[in-house]
4 protein chains.
Amino acid sequence: MSKSIAILGASGYTGAELVRLISTHPDMTLTALSAERKAGLAMGDVFPHLRHLDLPKLVKIDEIDFSDVDLCFCALPHKTSQDVIAKLPESLKIVDLSADFRLRDAAAYEAWYGNPHTALAQQQEAVYGLTEFYREQIKTARLVAGTGCNAATGQYALRPLIEAGAIDLDEIIIDLKTGVSGAGRALKENLLHAEASEGAAPYAVGGTHRHLGEFDQEFSAIAGREVKVQFTPHLLPMNRGIVATIYVKGDPQIVHDTLSTAYEDEPFLEMLPFGSVPSTHHTRGSNFAHLGVTADRIDGRAIIVCALDNLTKGSSGQALQNANLMLGLEETAGLMLAPLFP
Amino acid sequence: MSKSIAILGASGYTGAELVRLISTHPDMTLTALSAERKAGLAMGDVFPHLRHLDLPKLVKIDEIDFSDVDLCFCALPHKTSQDVIAKLPESLKIVDLSADFRLRDAAAYEAWYGNPHTALAQQQEAVYGLTEFYREQIKTARLVAGTGCNAATGQYALRPLIEAGAIDLDEIIIDLKTGVSGAGRALKENLLHAEASEGAAPYAVGGTHRHLGEFDQEFSAIAGREVKVQFTPHLLPMNRGIVATIYVKGDPQIVHDTLSTAYEDEPFLEMLPFGSVPSTHHTRGSNFAHLGVTADRIDGRAIIVCALDNLTKGSSGQALQNANLMLGLEETAGLMLAPLFP
Amino acid sequence: MSKSIAILGASGYTGAELVRLISTHPDMTLTALSAERKAGLAMGDVFPHLRHLDLPKLVKIDEIDFSDVDLCFCALPHKTSQDVIAKLPESLKIVDLSADFRLRDAAAYEAWYGNPHTALAQQQEAVYGLTEFYREQIKTARLVAGTGCNAATGQYALRPLIEAGAIDLDEIIIDLKTGVSGAGRALKENLLHAEASEGAAPYAVGGTHRHLGEFDQEFSAIAGREVKVQFTPHLLPMNRGIVATIYVKGDPQIVHDTLSTAYEDEPFLEMLPFGSVPSTHHTRGSNFAHLGVTADRIDGRAIIVCALDNLTKGSSGQALQNANLMLGLEETAGLMLAPLFP
Amino acid sequence: MSKSIAILGASGYTGAELVRLISTHPDMTLTALSAERKAGLAMGDVFPHLRHLDLPKLVKIDEIDFSDVDLCFCALPHKTSQDVIAKLPESLKIVDLSADFRLRDAAAYEAWYGNPHTALAQQQEAVYGLTEFYREQIKTARLVAGTGCNAATGQYALRPLIEAGAIDLDEIIIDLKTGVSGAGRALKENLLHAEASEGAAPYAVGGTHRHLGEFDQEFSAIAGREVKVQFTPHLLPMNRGIVATIYVKGDPQIVHDTLSTAYEDEPFLEMLPFGSVPSTHHTRGSNFAHLGVTADRIDGRAIIVCALDNLTKGSSGQALQNANLMLGLEETAGLMLAPLFP
């Protein structure tokens, strides 16, 4: 029987991406969509690309009867998310796409996000949603915290290497490039077409991007010691896509072998042949991530490149993959759509 | 049992788009892919976005055993297509995506395309592939000729109006804007990113675009008299999408009503409320076309706008829709993917 | 001696474009720049591309001493502009880039803009700023009203034809495509990169765009009778550029000859050979407009295409051209920069 | 008296950019333009954005009389350039924009470019064209070798630091992003709009890009020991612009101070305040480069960001700056155009 699904915050890009993916999912039915300021509108008015679908009207969260809902995606802004989730029925399965439950340490959360956490009980039970590495916990979790899109990209490239001790932990540089949709539908000057197109620049330079909180938490946990990476995101004139170019010290062939072995059976992580380089072009709109490893001309240095779609594998696709596991469905259900190219 | 499908010319954009769509089709299996110059390569080498798929290697057409193939898509250049199709087994069902079998009149073909037609027998049996208007013939056809992408867009806006006598037949202007993928993967200077992006211009101005051959044929047949429209395509800095803005003389409300009635039960043609305007943004990557009608401030004049994705509804999606009908499958199978936005 | 120039509203795109152009003007010096909300900031903070220039700080209008200013550009929003200009010293020469003084008829202004005009005295003295057609009046004007960018584009294509009686006045269709900068730096959802890029759509369909007020006024005045055109603008995924494709009934060769003769001595209006078509690509960042005429396959119909940069020839470049005339300088001073391509 | 200037290879992007810049240069006149395959055409046919200019027709190099030419820009492909330059009159001043005379060591040239150098005499006399660092030699040079656009960007960020011993020479990583025009007007599949737009990827990963030859030569010469950097270029969906994000070990404040001091009097190198980050958006179409320095959260590490326009400061603008020096003109003549934004 089809699972009943609610999406809170359906008027943002990750909400719309969830609707897109679920619209052809064989075992899910959308039964509630919320959007506080756009309550009363049809989804097709807010996102005309979804107008062919027979969807519930947008409502306020308070209007939703969760008693028949099997799983709820929370695509709300951080801070709002913790307030809302704290009040949801305890029996309800939840996949949260905000930053609110990614960090297990309340002090770390406050340090990175600037406000004290107000849903500590839920924070403690939340499972970090990087599917390939938390699969078993996710299957039995009530609340899964979707990862940051940049954080997912960097971790796919690095986790198995840190685990295997294949690289120098003090010399990791993640130079990452992302499309504009990662910033959401917010009305900001630098996201205007006239300002964002035909140019590129780094931002949050020097170690100030919040996704570093996830890198610090996860990499340190794996290594059993503090690991601090350098991380510079760049805003690129494209809508979707993240590509991370990662500089490490270690044997390039071992780096490639380690990742290849780790991801051999993963349905969505595609390892390229040694020396090949992925592009965001080839992951657009899909749940696939492509990874490549190249040797530098300087001995003992390798470059790892990971590309994925920030809205799909980096966010809503990941969320759906987790939801599939939580609901006992096929992990890949609704997620095998090939990328859109060109 | 799954149908066995071949694609000839799989290294172009329409070929790749067919593979993308068929990769999640419930009742089709790709058993042969041809690409003369790239024979021997894996599809994933030519189109890395398809690298996760388990696909047959690219071969030359001569290497394909068609005996077990249920249906063959021909995504070859025009002229080549007629030569190849003339030699295919007579029992083989074929959907041709080239221009070779769109025009029923051999002289008209030669006039528009500059070379005499060399597969006259096949030309005679071919059914014009505008699904919504040739559905019954397509179901029993052996050879279906996919329409021009611009030709499809204009016809969706105009056929029911000509049929109903709702507009002045001598005063139809189709001002159409298309993305670059309509020109295919050809290496032409004006298709380079540096030349095509950040600017726009009309081309084939004054009635020289070949898709006019289709407009002339179809509109004249419906009207029972010669109908000649004005048609100006424009090349826009985007990859996918066609939007046609069409100026007609007739009662705007009747125009809207006529189209609404005609498309009431169509699964892929979405009629917007009177006065609303569609955008290519909301059809990208999908088989949906959106149509809107607005009254001009001058009495008795209406503007019809039709938007669709040239590679999907304008070409490969249309081809798959036709193939579904020819094979007795559900017409919408594999085609309900929602558009990708943003 | 260098002329002292003020710009009111320097934090918008047209203001910044004026600064760009004036920065290499041989006979002008910027002595005051206003921006109400950004007063106190350096221009280089608001527009880092101008950071190499030695410019006055942004101030509020009230802080400017106009006694030594030779000419003031007003790049304020419409409505605000009339309030500000009404209070400026009567001796001050002004080029207004807003819509406030384009329409000579106060009722027409109110009909198109929705508010009564509050600076009727200035409205009466204002000269319409389409340089090539109001050159003599502009030379002696105190207040010149810059035209709408779309209005300029359409008029370059049509004025000489209406004047010469070369086309049917009741059958003029202007299908126009514009880049996003025409909408200014306003924070609107549809102007976000994620919403505007990779797609296109018409807007203000059916005769509701305010620039129609200018077409009506100017064309009717030339014709000596009411002329109403059809006009549909489209928003394109590019920053700069307007291309208008205009459908008229008349002899194509006469249309071409009429325009060629009219613009023979114009420094910025480039007439292409008969049958050639311009592109916005080739006018970007410059004060040049390119015009082409093509015969339609239907006898007695012609297509005129006009391309220009909305921020330069369509707005700030035009304003500077007018200012040159008003100050007795060389008309082309500071404006001969070649377009930027690619 | 105006200097007589020839451009060889005027049909490529750098040739066209030279024409654009020289068209408003106060002391230069274009007297010859060559383009072998397009000889006989007007420049305005090949580059319609230059159609308003009164330019000499394109001719073959053999047709040019160099006796009255003061300086010749060579914008030919590498390898062709050395063959042509070897045959030019010995008295002719030359600025070469190809890679042929950048490397002083013939073996290094052959190693990076794959063919033996055939103009060794000219190679010996050539001065490396990074103006700010070779200014005095350039003033008296006969032949100046324009730098690689990526090589210029990296050197602006690093030369003063290496000179000052401010950073660890064994730990320099240059992660660079470039627009498509850097690859020229070549017809390559990956440069098509449909392939290049809406996505990004690294290329020449691992230390294989030819501009490394310049980094090796220059940095080693300054340091007095071998210096090898890591360098990864990325192709971005934009036409113009390079931004290099450079990771170094050294005191961030000293890094910023060293660069600030070095560039204090440079007319085209703009140093941003400590912690600020430049963008290619703000250098487009200009000869300015913007530089910023930020401290990383890890002590002793700094990130330097340098942005410039690859076709202007990275190539044709640099060439003109050098030509000004060689001809005894004002160094900044014709080069003070402000960037185009948006």
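Points to keep in mind about this one:
- None of B:Ala16, B:Ala107 is within 14 Å of chain A (Cβ to nearest Cβ) and at pLDDT 95 or above except B:Ala16.
- Checklist (1) touching a strand residue (DSSP E or B) at 6+ places or on another chain (Cβ under 9 Å); (2) surrounded by fewer than 20 Cβ atoms within 10 Å (Cβ to Cβ) applied to A:Pro202, failing item: (2)
- Residue match in the range D:278-290 (condition: surrounded by 24 or more Cβ atoms within 10 Å (Cβ to Cβ), more than 10 Å from chain A (Cβ to nearest Cβ) and over 23 Å from D:Glu136 (Cα atoms)): yes
- Flag if B:Ala186 is under 21 Å from D:Leu192 (Cα atoms) and either under 17 Å from the mean Cα position of the chain (by Cα) or assigned to a helix (DSSP H, G or I) (or both): no
- Test for A:Gly182: is it facing chain D (nearest Cβ under 8 Å) and surrounded by 19 or more Cβ atoms within 10 Å (Cβ to Cβ): no
- Number of residues in the range A:206-243 that are over 18 Å from the mean Cα position of the chain (by Cα), touching a residue at least 60 places away in the same chain (Cβ under 8 Å) and at positive phi: the value is 0.
- Filtered residues of the range B:25-54 (kept if surrounded by 19 or more Cβ atoms within 10 Å (Cβ to Cβ) and hydroxyl-bearing (Ser, Thr, Tyr)): B:Thr31, B:Ser34
- Residue in the range B:28-48 that is of a type in the set (D, E, K, R), without any contact (Cβ under 8 Å) to a residue 24 or more places away in the chain and within 30 Å of A:Ser276 (Cα to Cα) present: yes
- Sub-9 Å Cβ pairs linking a first residue in the range D:74-99 that is on the phi > 0 side of the Ramachandran plot to a second residue that is of a type in the set (S, T, N, Q), at least 6 apart or interchain, are D:Lys79/D:Ser98; D:Lys79/D:Asn115; D:Lys79/D:Thr118, ordered by first then second residue.
- Filter result for D:Leu92 (surrounded by fewer than 22 Cβ atoms within 10 Å (Cβ to Cβ), away from chain C (no Cβ under 14 Å), in contact with a strand residue (DSSP E or B) (Cβ under 6 Å, 6 or more places away or on another chain) and not polar (S, T, N, Q)): yes
- Filtered residue count, the range C:83-113, keeping only those that are under 30 Å from C:Leu269 (Cβ atoms) and part of a helix (DSSP H, G or I): 5
- Residue match in the range B:293-302 (condition: in the same structural domain as B:Gly184 (by TED's automatic domain parsing) and in contact with a Cys (Cβ under 8 Å, 6 or more places away or on another chain)): no
- The set of residues in the range D:139-169 that are in contact (Cβ under 8 Å) with a residue 40 or more places away in the chain, part of a loop (DSSP other than H, G, I, E, B) and more than 26 Å from D:His281 (Cα to Cα) comprises D:Ala141, D:Arg142, D:Ala166, D:Ile167, D:Asp168, D:Leu169.
- Selection within the range A:213-234 - of a type in the set (A, V, I, L, M, F, W, C) and either more than 10 Å from chain D (Cβ to nearest Cβ) or surrounded by fewer than 23 Cβ atoms within 10 Å (Cβ to Cβ) (or both): A:Phe215, A:Phe219, A:Ala221, A:Ile222, A:Ala223, A:Val227, A:Val229
- Test set (1) among the acidic types (Asp, Glu); (2) part of a loop (DSSP other than H, G, I, E, B); (3) without any contact (Cβ under 8 Å) to a residue 24 or more places away in the chain - A:Glu136 fails condition number: (2)
- Residue in the range C:292-334 that is farthest from the other protein chains (Cβ to nearest Cβ), counting only those that are part of a helix (DSSP H, G or I) and of a type outside the set (S, T, N, Q): C:Met326
- Residues that are without any contact (Cβ under 8 Å) to a residue 60 or more places away in the chain, among the hydroxyl-bearing types (Ser, Thr, Tyr) and in contact with a Leu (Cβ under 6 Å, 6 or more places away or on another chain) within the range D:1-27 comprise just one, D:Ser23.
- Failed item, numbered, when C:Pro116 is tested on (1) assigned to a loop (DSSP other than H, G, I, E, B); (2) in contact (Cβ under 8 Å) with a residue 24 or more places away in the chain; (3) not assigned by TED's automatic domain parsing to the domain that holds C:Ala204: (2)
- Matching option when the condition is in the same structural domain as D:Gly129 (by TED's automatic domain parsing), crowded, with 19+ Cβ neighbours inside 10 Å and farther than 23 Å from D:Arg185 by Cβ, among D:Leu71, D:Leu21: D:Leu71
The values are calculated or read from the model by the stated rules, or taken from the named source; none is laboratory data. In this text the structure is predicted, and so the values were computed from the model without any measurement. Neighbour counts run over all protein chains shown; Cβ positions are idealised from the backbone, glycine included.
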